[in-house]
Structures are given as structure tokens and as C-alpha cells.
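Written below as C-alpha cells is the structure these notes are about.
The values are calculated or read from the model by the stated rules, or taken from the named source; none is laboratory data. These figures come from a predicted structure and were not determined experimentally. Cβ coordinates were reconstructed from backbone atoms using ideal geometry, including for glycine residues, and neighbour counts include every protein chain displayed. Note: areas computed on protein heavy atoms with side chains; ligands, DNA, RNA excluded. Shrake-Rupley method; radii C 1.70, N 1.55, O 1.52, S 1.80 Å.
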Amino acid sequence: AAQWTFPWGEEPLHEVIREDLKANPRDPGSWVLMGNLRLSQYLIGRLGRRNPLALASVVMARAVNEGILGVELRPATKVAPGLSVYHRFGLVSNNSAVIGRHVQLRHGVTIGHKVPGEPSPVICDDVEVGAGAIIVGDIIVGRGAKIAAGAVVVKDVPPGAVVAGNPAKIIGYTDQSA
């Protein structure tokens, strides 16, 4: 039998879970969040979206993740391994968003589209997003970028850039951009 893999890569499920746990040390709430997300993604990938077991896992994951943890991060969202979620509550991500490897998100972050049906942001690897930041539209946040708390990002962010403000503007670059 073929081993199920995530739609964006060939990594086995146990490696993805290991990376998720490593990214959230000593944080049982994030373990529950990421565990629910990965289990739902696994069952949908293995059994199909309409399978009763996969459907039950999605309902349970949403009830716990949204109702108790206050995080809207659904199984349709493409989330690479190693997502760190700090303080969790109020985090919202659109289903069509793409979140890269080793991204750090804090509470109150919104990632979505400007107009329903339009594309959502792509957050590349190693990006840090501050509390309350809003990232919307068909944009790309480049690798290693830092989004300041409360920033409203509506345009592409180059790799390694540090952005702040409303609308967000580049205020510097990280060492990663060199």
C-alpha cells in the first residue's frame, strides 16, 4: 500500500508530526492543535473527504481547535511541517492560504483573502509573524521575513525584509537576507 504524504511534499506523517512537536516545545495546547490538524489531513488524504471517519475527524478537530483553542486553521490549509503557534487564541487562516516550513505565528494573526474567492497569501519558510498582524490578498511573504505586531500586509514582502505599520512598509532587513 502506498504511504500517504502531504500534498506539498513527500515527507511521511510521523516526520511531520515530529517536526511540529519540536517547533512547539512544552506547549500541550499547540500539540493538540497540530495533532488535530495532521490527523484530519491524514484521514482525508487516505480515506477521502466524504469518508465518515475523515468527516468525524474534521468535525472533532474544528470543535476543539476553534471552539476551545480559538484557532481557525482548517485541514484544507496547506501547512508545512514545523509551524510554531504562540498563545494561539484568535489565529485565523483562510483555507487557501499556504504556510511554509518553520513559520512562527502569534495570537490574533489573520491570514486571508481580500475578496471571497480570490487567492490568499503564501507565507514562505522561516517567517515570523507578530501578534495581531493581518496578511491579506494574493501576496507572497518571502523566506525569513519578519512581520511586526499589528502590521497590515497587503503587498509582497521580499525575503528577509522586516515590515511594520498600516499599510506595512519595509523598515529593515534580517541577517538572513544577506
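In the range 144-165, the residues that are touching a residue at least 24 places away in the same chain (Cβ under 8 Å) form Cβ pairs under 8 Å with partners that are among the acidic types (Asp, Glu) and outside any strand (DSSP E or B), at six or more places apart or across chains, as follows: Gly144/Asp125; Gly144/Asp126. Filtering Leu39, Leu55 for residues that are without any contact (Cβ under 8 Å) to a residue 12 or more places away in the chain, open to solvent by 30 Å² or more (accessible area, probe 1.4 Å) and not in a loop (DSSP other than H, G, I, E, B) leaves a single hit, Leu55. Between a first residue in the range 9-22 that is open to solvent by 70 Å² or more (accessible area, probe 1.4 Å) and a second residue that is part of a helix (DSSP H, G or I), which pairs have beta carbons less than 9 Å apart while being 6 or more apart in sequence or on different chains? So the pair list comes out as Leu21/Ser30; Leu21/Trp31; Leu21/Met34; Leu21/Gly35.
Taking the stated definitions as given, is Ile135 more than 17 Å from Val98 (Cα to Cα), modelled with pLDDT of 95 or more, in contact with a strand residue (DSSP E or B) (Cβ under 7 Å, 6 or more places away or on another chain) and not in a loop (DSSP other than H, G, I, E, B)?
Answer is no for this residue.
Only one entry in Arg101, Arg50 is part of a loop (DSSP other than H, G, I, E, B), within 21 Å of Ile139 (Cα to Cα) and out of contact with any Ser or Thr (no Cβ under 7 Å at 6 or more places or on another chain), namely Arg101.
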